[in-house]
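Presented below is the structure to which this report refers.
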Amino acid sequence: MSTTDLHVHNPVEELLRQDRIPTIWCPGCGIGTSVNSFAHALLKQNIDLDKTAIVSGIGCSGRVSGYMNLDSFHTTHGRAIPFATGLKLARPELNVIVYSGDGDLASIGGNHLIHAARRNMDILVVCINNMIYAMTGGQAAATTPGSSLSTTTPYGAFEPELNLVQLVDAAGACFVARWTAYHVVQLERTLEKALRKKGFRFIEVLSPCPTYFQRKNNMGDALQAMLDYKKRSKIQHGCPTWETALTPSGPIIVGEFVDREREDYLTRMRKQLGPHYSEFPAQQEEHVSEGCSREC
Amino acid sequence: MHADPRTVLTGTHFINGDAACCEGALAAGARYAAGYPITPSTEIVERFAARAPEVGGLFIQMEDEIASSIAIQGMVWGGQKAFTVTSGPGFSLMMEHIGLAAMTETPVVFVDVQRGGPSTGLPTLPSQSDMMQARFGSHGDYAVIALSPNSPQECFDLAIQAFNLAEEFRVPVMFMMDECVGHMTEKVVIPPADQIEIYPRRHTQKPPGEFRLYEPGPDLVPEMAHAGEGYKVYVTGLTHDRRGYPSLNPATQKELVTRLFEKIRRAADRLVMVESDQLEGADVVVVSYGITSRVAQRAVHAARAKGIKVGTLRLICVWPFPEKLIRELASKVKALVMPELNMGQVVIELERCAAGQCQVISVPHAGGTVHDPAEILQAIERGAQ
């Protein structure tokens, strides 16, 4: 048997930039797990990958765009959504996906998250929530639950956490769901569903950060985090999002919470502009002729 | 190539500088814009919001200037020409994305209709105090191009130039208007589209497999490809190699940052855009830009009436600074006088280039109105002694 026979084909290989592997993610991190579900969902949906762009901000999850073999945009901290907004407006035929973390999307970029949901911009946002700023070394985030420990909250956090699914629901998102890195199959199915839908779609994926969050809070290793997710998760599709708050040790409500129909921004814009909007086909190539252009 | 006649409002108009800037952007082919309301720049996007749908474009009012300044970059990577418009406080919020545009070589135009600062300052009154911020505002080392119009006509003409230069050099171009020029109403002649030269996007002709996103061309400017064209572009604000892949080491940093500077520096002679009068044999030259150049005219006429040999030099392109020209001029005159609506910003560059060859006299002004020509005249008289 030659060594080439030992090569096991990775079913999502074509969606990854092979020359960028290995990733920077720590062992036990859930970001790569979510990417696997995402890649499977993309392939199953038979989406034109040449017409699919992925936009990230900054942080561990912000590196996702750069590992995907799509049009990849690694933008500034918190600003993936407004970049994606511009991209979608300029080229409406693109599937635009924002893939980033909780600190990026919900804290520094929180305002953009709210307004993109309000506008019902036709983008899919995948938010990896590891409840901490991991890239910079484990500082407290807007999503750090209760009085958890972090490197900037050595006495425990003094402020409550933000419930992201409730936030985007209130702002008008047309599809809102939450899963954990344990729910790989459910996540894949939800991603498939979200990819088929038009409008602002938001999927929160809880991910362990064994290097910082789990370690700082004596929650054990990554395997323990998976067991914890399994034990604490309660699947409640359609659950009102105000009942889905995350607490340090309480139940984790997961599922598809919101699936509503609302006109997305561009559809509404076109409709409202009516005859004021004129299609603008590309300019015809100029015919450059030598000398006098008129018949003299 | 020439402008698309469908976007050009050919004719003679009586409009203000803000309106003229909007028409210049449209004539240049920018049909997409994002912005956030701020005095005294808002008229530009108000007009654009009405005009853009007629030509298949759009204006989106974002939630803040941070969002606006990156939404336009999404538009550009989606294949459009785009710009944003703001004033002092908003310009401050946009700084990070000027750096992103410089780093990712995204051709965009930032219009700053300058008002008095710092902070909220004088929302409705003029200044020229963002000139250094335009050049150095974002963190890190990078080069930009900054243009300064002094009339509504030039707001139109130079806006087209701004887009052309952004495309040619793939840099963010700062269009540094001020409240006076923005709100000043004058005759603006918009020529027929076939008389307006447009620099097209430097889109690659190579097929996806053979194209590298940051492979420098002979003039150090790389070709571009957009999202959705099969190129699988990888655009990052991290230090990147020629493929666009992050490469965080001193060697890549040196190659990239040096090239970002060098592509502008090499073209410095071509980027000298000035208007001069009676430089030959002048003892004193008044160097100015924007609205201040028009105020200085009165002082120059008064000085000439007193028999002083005064020339004028108006900087149309302020950044890159016309170093060679100033160095030569400084070797021939007694003094260079620079009035500007700030406490002395561009004059620092003037002093550096004059390098002690002549006297350099700053005529600062805190802003809120234009100079009293008498202040400039006094400086000219001092320089002529």
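Note on A:27-40: average number of Cβ atoms from other chains within 10 Å of each residue's Cβ is 0.
Translational diffusion of chain A was estimated from the Stokes-Einstein equation, with Rh taken as the Kirkwood radius over Cα pairs; at 20 °C and 1.002 mPa s the coefficient is 105 µm²/s. Neighbour counting of Cβ atoms within 10 Å sorts the residues A:Phe200, B:Phe321, A:Phe280, B:Phe83, fewest neighbours leading, into A:Phe280, B:Phe321, A:Phe200, B:Phe83. Working ranking of peptides B:72-78, B:243-249 by packing, defined as the average number of other Cβ atoms within 10 Å per residue, highest first, is B:72-78, B:243-249.
For the listed peptides A:33-42, A:12-21, a ranking on the average number of other beta carbons within 10 Å per residue, highest first, reads A:33-42, A:12-21. Across peptide A:53-62, the average count of Cβ atoms from other chains found within 10 Å of a residue's Cβ is 2. In this structure, A:Lys198 and B:Arg266 have a Cβ-Cβ separation that, at R0 = 35 Å, corresponds to a calculated FRET efficiency of about 0.15. The protection proxy used here, the mean number of other Cβ atoms lying within 10 Å of each residue, ranks peptides A:118-124, B:20-26 as follows, highest first: B:20-26, A:118-124. Charges were assigned to the Cβ only: +1 to each Lys and Arg, -1 to each Asp and Glu. The resulting dipole of chain A about its Cα centre is roughly 860 debye. Of the residues A:Asp169, A:Asp221, B:Asp178, the one with the fewest other Cβ atoms within 10 Å heads the list, and the complete ranking is A:Asp221, A:Asp169, B:Asp178.
For the residues of B:89-97, the average number of beta carbons from a partner chain within 10 Å of their own beta carbon is 1. If every alpha-carbon in the protein assembly as shown counts as one equal scatterer, what log10 I(q)/I(0) does Debye give at q = 0.11 1/Å? Evaluating at q = 0.11 Å⁻¹ gives log10 I(q)/I(0) of -1.10. Which lysines have a Cα lying under 25 Å from the Cα of B:Lys254, excluding residues fewer than 8 positions away in the same chain? Those lysines meeting the cut-off are B:Lys263. Among residues other than B:Pro339 with Cβ under 12 Å from its Cβ, the summed charge is 0 (Lys and Arg +1, Asp and Glu -1). In the elastic network of chain B, a GNM with C-alpha springs shorter than 10 Å, the most mobile of B:Ala296, B:Ala67, B:Ala33 is B:Ala67. Take every DSSP beta bridge whose two residues both sit in the protein assembly as shown; close to 25 percent of them are antiparallel. Every Cα-Cα pair in chain B was counted, and those over 36 Å apart are 23% of them.
Using a cut-off of 23 Å between Cα atoms, the listed pairs A:Lys51/B:Lys206; A:Lys44/B:Lys206; B:Lys206/B:Lys232; A:Lys197/A:Lys271 include A:Lys44/B:Lys206 as exceeding that distance. Which whole-number percentage describes the relative contact order of region B:5-195, with Cα contacts under 8 Å and a sequence gap of 6 or more? It rounds to 31 percent for region B:5-195. Going by neighbour counts of Cβ atoms within 10 Å, the residues B:Phe261, B:Phe14 line up, fewest first, as B:Phe14, B:Phe261.
Here the Kirkwood formula puts the hydrodynamic radius of region B:1-75 at 12.8 Å, using every distinct Cα pair. Name the residue, out of A:Pro154, A:Pro145, A:Pro208, whose mean-square fluctuation peaks in a Gaussian network model built on chain A with Cα pairs under 10 Å. Of the options given, A:Pro154 has the highest mean-square fluctuation. Relative to the longest principal axis of the Cα atoms of chain A, the long axis of helix A:184-196 lies at roughly 20 degrees. Kirkwood radius for region B:155-271, taken over all pairs of different Cα atoms as the inverse mean of 1/r, rounds to 16.8 Å.
Contact order, relative form, for chain A: 17 percent (alpha carbon pairs under 8 Å, 6 or more residues apart, mean separation divided by residue count).
Considering only B:His13, B:Thr104, B:Gly35, and ranking their Cα positions along the charge dipole of region B:5-195 that arises from unit charges at the beta-carbon of Lys, Arg, Asp and Glu, the one farthest toward the positive end is B:His13.
Note that region B:277-384 carries a Kirkwood radius of 13.4 Å, evaluated over its alpha carbons pair by pair. What separates the Cα centres of region A:141-190 and region B:122-166 is a distance of 42 Å. Charged side chains reduced to their Cβ positions (Lys and Arg at +1, Asp and Glu at -1) give the protein assembly as shown a dipole of some 1000 debye around its Cα centre. Sequence-distant contacts, meaning Cα pairs under 8 Å at least 6 residues apart, place the relative contact order of chain B at 17 percent.
Two tests apply to each whole DSSP H helix in chain B, Cα reach of 18 Å or more along its axis and mean Kyte-Doolittle hydropathy of at least 1.0, and the ones passing both are B:65-77.
Isolated cysteines of chain B, defined as having no other cysteine beta carbon under 4.7 Å away, are B:Cys22, B:Cys180, B:Cys317, B:Cys353, B:Cys358. Put simply, region B:5-195 fits an ellipsoid with semi-axes of 22, 19, 15 Å; these come from the alpha carbon gyration tensor as the roots of five times its eigenvalues, largest first. Between amide H atoms placed 1.01 Å from N, distances below 5 Å from B:Ser362 occur with B:Met338, all of them 5 or more places distant or on a separate chain. When both region B:341-385 and region B:177-209 are represented by their alpha-carbon centers, they are found 32 Å apart.
Here, each number is a calculation from the coordinates, and none is a lab measurement. Just so we're clear, the structure is a prediction, and the values are computed from it rather than from any experiment. Here the Cβ is made from the backbone with ideal geometry for all residues, glycine too, and neighbour counts use every protein chain on show.
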